[in-house]
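The values are calculated or read from the model by the stated rules, or taken from the named source; none is laboratory data. Just so it is clear, the model here is predicted, and its values are computed rather than measured. Using ideal geometry, Cβ is built from the backbone for each residue, glycine included, and neighbour counts are taken over all protein chains shown. All accessible areas refer to the heavy atoms of the entire protein, side chains included, with ligands and DNA or RNA removed. Shrake-Rupley method; radii C 1.70, N 1.55, O 1.52, S 1.80 Å.
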Amino acid sequence: MSLTRPGRFRNPVNRAMTDEAPLGARVADRVTGFLGSWRFLIIQTVIVAFWILGNAALLSRPFDPYPFILLNLAFSTQAAYAAPLILLAGNRASLRDRMTLEHAAAEADIEDAQNRQLLDGNKAILERVVRLEQRILELEKTILEAIRA
């Protein structure tokens, strides 16, 4: 998914939320998409494992001794940046859901009006058919009376 490639969506909600979204919102969506992935969890687990193993291997002069203050600082910094981005992406997701619901409701209203119009047209056609059948029956009756007379 590119951050700058416009015109990928036809649906107005998707267009508004993705193609027409500001760069910061698209970056937040991409970052939170990565933070919530298995890829991120595996990478972070590998980094933490190397960090701890590296410190264990360097017992005489570890670069981050046991309570791993630098590692905790790195996690705190990551959380400080991740939390607002996750909230921003969550707010955008709920806005997208509301917009999708409103769009679907508007489309349903249009479809309902079209269905009503079709039903009214069908009703008018059926009324004409009934009148034609009555007229045919009247003509048959007139023809039969003319033949008998």
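Do we have LEU85 as under 30 Å from MET17 (Cα atoms) and either open to solvent by less than 100 Å² (accessible area, probe 1.4 Å) or under 41 Å from the mean Cα position of the chain (by Cα) (or both) here?
Taking the combined requirement at face value, the residue satisfies it.
Taking ASN91, is it polar (S, T, N, Q), over 30 Å from ALA21 (Cβ atoms) and surrounded by 10 or more Cβ atoms within 10 Å (Cβ to Cβ)?
no
Which one is least open to solvent (accessible area, probe 1.4 Å), of the residues in segment 54-71 that are touching a residue at least 12 places away in the same chain (Cβ under 8 Å) and not in a helix (DSSP H, G or I)?
In this case the residue turns out to be ASP64.
More than 30 Å from ASP29 (Cβ to Cβ), part of a helix (DSSP H, G or I) and among the acidic types (Asp, Glu), is that true of GLU107?
no
Which one of ALA89, ALA106, ALA80 is of a type in the set (Gly, Ala, Ser), under 30 Å from PRO12 (Cα atoms) and modelled with pLDDT of 90 or more?
ALA106
Inside segment 50-62, can you point out the residues that are more than 14 Å from ALA74 (Cβ to Cβ) and of a type in the set (A, V, I, L, M)?
LEU53, ALA56, ALA57, LEU58, LEU59 - these are the residues of segment 50-62 that are more than 14 Å from ALA74 (Cβ to Cβ) and of a type in the set (A, V, I, L, M).
Select from segment 6-53 the residues that are basic (Lys, Arg) and surrounded by 14 or more Cβ atoms within 10 Å (Cβ to Cβ) and write down the one among them that is farthest from PRO67 (Cα to Cα).
Ranking the qualifying residues of segment 6-53, first place goes to ARG15.
Which one of these is modelled with pLDDT of 85 or more and on the phi > 0 side of the Ramachandran plot: PHE68, PHE40?
PHE68
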